[in-house]
Structure formats: structure tokens, C-alpha cells
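What follows is a set of notes on a single structure, which appears directly below.
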Amino acid sequence: MIVDVLIQGVQHMTLLVILGIMYIMTFIAFLLFVYRGEKKDPTDGSFSLGRVILTAALLALIPTIVIGLFLFAILGSTNLVTTVFDFEISAGRLMILSVAFLIYLFTIDSIVEVLAEHLFGKERIVWPGIFMFLSRAVIFYGIGELVGIALYPSLVIAVGVAAIVVMLEVLYLKSKQKKNADS
């Protein structure tokens, strides 16, 4: 199975290696972007490859750090649930599970959130929150099954991580409301 091959490869990878690969990918993307921009519109007439490389290197740090923090939070959440319920899940499976959760949260979750706001209205907070929790739990369970985690651990991890994500969102909304009230 493809997932088992990925797990064997990820087994020996640390979080730093994954972040390093992510940094290299974003660096190359920013390098191409900045290089084309400098070639197309040189501001002072001189083109400096060193300046382009330095700019791309600094710009690549920002998304790498942000994604790394989110990945660390998701990995911590899955690890917390796994430890509390004493599941025997390898580090490789947890890493792939965390990366898959993160990819879902940054892509499809936004579409589901817009759907929830459309169904229940933007003014309401409770029903869209419940809908988001349940949809995340179902999707996370499916991801756990795809990664090859057994039924019960996959269900518990899905519900636990979905609950932690909802709690983090509630804390963010509360702090945002407090800032708006103080202003």
C-alpha cells in the first residue's frame, strides 16, 4: 500500500527535515518570483543575484515558520490524544496523519466553513460550530482510516483533534471579541 511506503519513509524523518523540505520548496518558489520581478522591472538599473537570493531566503522563512507552528500544534494534538488513550501508533503514522490534517485544515476546511455559514447564517455561532466540529471529526476519521489506523483509535483521535481545533478557534474568537470591546 502507498501509505505504508510513505510511513516507512517518514519514520526516519524528523519534524526539522519536513520543515527543511518545505523551506526549500518555498525558497525556490520565491526565488523564481523575485528573479522574474527583478528582471522585468529593475528599479535602479542594476541587477544583483545576491540580493534576489537573500530576499527569497528571507521571504521563504515566513510561510515555513507559520506552517511549522501549525504542524507542531496539530502533531501535538494527535500525540496528546494518542498518549492519553494509550494507543500504540508509530511516529511515522502520527506524522503523516498530522500533515494530512494540516492539509485539510488549510484547504477544504475553508469551503466547509463557508457552507456552514451559508446554511446557518453568519450571526449564529453555536450551530456552525457544531457543524464544523462534526464535519472535521468525520473527515479526520476518514483520514485516519486512509493512513491505516484501526477503527477505535482513529475515531478517538478524530474527535479529540476536532475538539482541540474547535477550542482553539473559540479562544481566538474570544480574544478577538475582547480586543474589539477594548478598542
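The values are calculated or read from the model by the stated rules, or taken from the named source; none is laboratory data. A quick note: this is a predicted structure, and the numbers were derived from the prediction, not measured. Backbone-built Cβ (ideal geometry, glycine too); neighbour counts: all protein chains shown.
Here is a yes/no grid of residues against (1) assigned to a helix (DSSP H, G or I); (2) of a type in the set (A, V, I, L, M, F, W, C); (3) surrounded by 12 or more Cβ atoms within 10 Å (Cβ to Cβ):
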{"site": "78", "(1), (2), (3)": "yes, no, yes"}
{"site": "83", "(1), (2), (3)": "yes, no, no"}
{"site": "95", "(1), (2), (3)": "yes, yes, yes"}
{"site": "103", "(1), (2), (3)": "yes, yes, yes"}
{"site": "122", "(1), (2), (3)": "no, no, no"}
{"site": "145", "(1), (2), (3)": "yes, no, yes"}
{"site": "158", "(1), (2), (3)": "yes, yes, yes"}
{"site": "177", "(1), (2), (3)": "yes, no, no"}
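Read through the list (1) assigned to a helix (DSSP H, G or I); (2) touching a helix residue (DSSP H, G or I) at 6+ places or on another chain (Cβ under 7 Å), then give the number of the only condition that residue 89 fails. All conditions pass for residue 89, except number (1). When residue 108 is tested against the conditions (1) surrounded by 14 or more Cβ atoms within 10 Å (Cβ to Cβ); (2) under 28 Å from residue 18 (Cα atoms), the lone failure is (1). Residues that are without any contact (Cβ under 8 Å) to a residue 40 or more places away in the chain, among the charged types (D, E, K, R) and farther than 28 Å from residue 14 by Cα occur in region 153-174; there is at least one. Do we find a residue being modelled with pLDDT of 90 or more, assigned to a helix (DSSP H, G or I) and surrounded by fewer than 17 Cβ atoms within 10 Å (Cβ to Cβ) anywhere in region 160-167? Yes, the conditions are met somewhere in region 160-167. Determine if region 115-125 includes at least one residue that is among the small types (Gly, Ala, Ser) and at positive phi. Yes, region 115-125 contains a residue that is among the small types (Gly, Ala, Ser) and at positive phi. Would you confirm, using the coordinates I've provided, whether residue 72 is aromatic (Phe, Trp, Tyr), under 25 Å from residue 28 (Cβ atoms), touching a residue at least 40 places away in the same chain (Cβ under 8 Å) and in a helix (DSSP H, G or I)? Yes: the conditions hold for residue 72.
Of everything in region 18-41, what is farther than 12 Å from residue 52 by Cα and modelled with pLDDT under 85? Give them in sequence order. Correct list: 18, 19, 40, 41. Please indicate, with yes or no, whether at least one residue in region 111-131 is closer than 23 Å to residue 153 by Cα, in contact with a helix residue (DSSP H, G or I) (Cβ under 6 Å, 6 or more places away or on another chain) and either among the β-branched types (Val, Ile, Thr) or free of Cβ contacts under 8 Å to residues at least 60 places away in the same chain (or both). For region 111-131, residues closer than 23 Å to residue 153 by Cα, in contact with a helix residue (DSSP H, G or I) (Cβ under 6 Å, 6 or more places away or on another chain) and either among the β-branched types (Val, Ile, Thr) or free of Cβ contacts under 8 Å to residues at least 60 places away in the same chain (or both): present.
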